[in-house]
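Q: Below you will find the structure I want to go over with you.
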Amino acid sequence: MKILGIETSCDETAAAVVRDGVEILSNVVVSQIDIFAEYGGVIPEVAARSHLEVMMPVVEKALADADCTWDDIDAIAVTHAPGLLGSLLIGTLTARTLAILHNKPLYAVHHLKSHVYANWLDVGRADTARIPTFPLLALVISGGHTQILYMPGHNQFEIIGTTHDDAVGECFDKVAKILGLPYPGGPSIAKAGKNGNPNKYRLPHPKVEGLDFSFSGLKTAVLRAVQKEVGVPISYPSHKLAELLIPEQVADFAASFQRTAVEILCEKLELALKQHPDVRSIIVAGGVSANQELRAALPEAYFPAPSLSGDNGAMVAAAAYYEIMSGVKPIDPYKLNIYPRISVEQ
Ligand code: KG4
Ligand code: ZN
């Protein structure tokens, strides 16, 4: 079964063709990172307009790269939740129109579910026979979410831990801003921290009960530590701090922050494992799963190929395949709605 997956929930316009939920026949991603690097973050209106400009060329390239015509496509899958409202609208309106025009069944997929299913795609995996086994724990870490999910089987999700405030990716992005590093913060902090000393600055681990997270305190702790380091009061504007830092301090702050964020994620995962001794695999998913230090800290866990950690259409197609296998029925293309804030459990 060949599924065309479409993803536009944030700042990537993506489409892909995937066979039977695992084999990537094409995977086209047009990122708006260059546009938003200038602003230091995503501007929703601009994101939606950019999706509109490239959406159809991206779909056409995905079909061409896969050597497919519309006759070869068995279903269309699209991200309908959660994400930026205008961005979700462009992808879903495109998918709805194409489903009606070419008479294809249409599946609406939750974005976190898609990230999880990037772990079943076959690229970059040394041993293609090695796939996650249930029950499993999924640590989903992106720009918008930080959650631990318990999955007893395919397409079954129970949220057992979630953030009370910022997502970990958001925290990387905000700390990068304080340090004067470009958006998105994850890759730029990893790069800047490469030669830094991760033990230079002691940053606190938030005291949050159970399996929940909090990352806004960590961001503030970095802010205060930078202010202290350069000798300015806490009222000093954060956007002016970076010019007072020398490259060595930036490297040490980046490394120290990254180390702390990774430790926090690993601690919670360890606790989740203790509470769920039946778990047979751990998977990590979402943009932050590209982080090399986290990968090194969790050698037993499954990670998507780094190119599939961020937003892409292949994971949408993979998630839809397992929905279909679980008996989920297609959605009426005239009625498909978007849900910018809905949970993966609903
Ligand atoms: O999944 P994603 O592409 O989009 C959302 O669904 O949010 O995640 C984007 C997030 C950004 O916050 C970005 O800074 C972070 O993933 N990220 C990373 C790395 N690469 C991207 N965080 C840490 N280390 C990385 N190497
Ligand atoms: Zn994402």
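The values are calculated or read from the model by the stated rules, or taken from the named source; none is laboratory data. Just so you know, these numbers come straight off a predicted model, no measurement behind them. Cβ placement follows ideal geometry from the backbone for every residue including glycine, while neighbour counts extend to all protein chains displayed.
Q: In segment 10-34, what residues are out of contact with any strand residue (DSSP E or B) (no Cβ under 8 Å at 6 or more places or on another chain) and assigned to a strand (DSSP E or B)?
A: Selection gives Glu23 alone.
Q: Would you tally the residues in segment 162-178 being more than 12 Å from ligand 1 (Cβ to nearest atom) and either among the β-branched types (Val, Ile, Thr) or buried (at least 23 other Cβ atoms within 10 Å of the Cβ) (or both)?
A: 3
Q: Being over 26 Å from Val78 (Cα atoms), crowded, with 21+ Cβ neighbours inside 10 Å, within 16 Å of ligand 2 (Cβ to nearest atom) and in the same structural domain as Ser256 (by TED's automatic domain parsing), is that true of even one residue in segment 138-146?
A: No.
Q: Okay, next question. For segment 274-282, indicate whether the set of residues that are surrounded by 18 or more Cβ atoms within 10 Å (Cβ to Cβ), within 12 Å of ligand 1 (Cβ to nearest atom) and either modelled with pLDDT of 95 or more or not assigned by TED's automatic domain parsing to the domain that holds Ala15 (or both) is non-empty.
A: no
Q: Can I ask one more? Scanning for something surrounded by 18 or more Cβ atoms within 10 Å (Cβ to Cβ), in a helix (DSSP H, G or I) and modelled with pLDDT of 95 or more, does segment 324-344 turn up at least one residue?
A: Yes, segment 324-344 has at least one match.
Here's the yes/no breakdown for (1) modelled with pLDDT under 95; (2) in the same structural domain as Gly186 (by TED's automatic domain parsing); (3) not in a strand (DSSP E or B):
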position	(1), (2), (3)
Ile6	no, no, no
Phe36	yes, no, yes
Arg49	no, no, yes
Leu98	no, no, yes
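Q: Next question, about the same structure. Could you run through segment 59-90 and say how many residues are in a helix (DSSP H, G or I) and within 13 Å of Asn337 (Cβ to Cβ)?
A: 3
Q: Check segment 22-37 and report whether any residue there is within 19 Å of Tyr321 (Cα to Cα), more than 16 Å from ligand 2 (Cβ to nearest atom), of a type in the set (Asp, Glu) and surrounded by 15 or more Cβ atoms within 10 Å (Cβ to Cβ). I'd like the intermediate steps shown before the answer.
A: Filtering segment 22-37 down to residues within 19 Å of Tyr321 (Cα to Cα) leaves 22-28.
Subset that is more than 16 Å from ligand 2 (Cβ to nearest atom): 22-26, 28.
From the residues that got through so far, the ones that are of a type in the set (Asp, Glu) too are 23.
Filter again for surrounded by 15 or more Cβ atoms within 10 Å (Cβ to Cβ), leaving 23.
Yes, the conditions are met somewhere in segment 22-37.
Q: Taking Gln156 as meeting all but one of (1) surrounded by fewer than 21 Cβ atoms within 10 Å (Cβ to Cβ); (2) of a type outside the set (Phe, Trp, Tyr); (3) within 10 Å of ligand 1 (Cβ to nearest atom), write down the number of the exception.
A: The number of the failed condition is (3).
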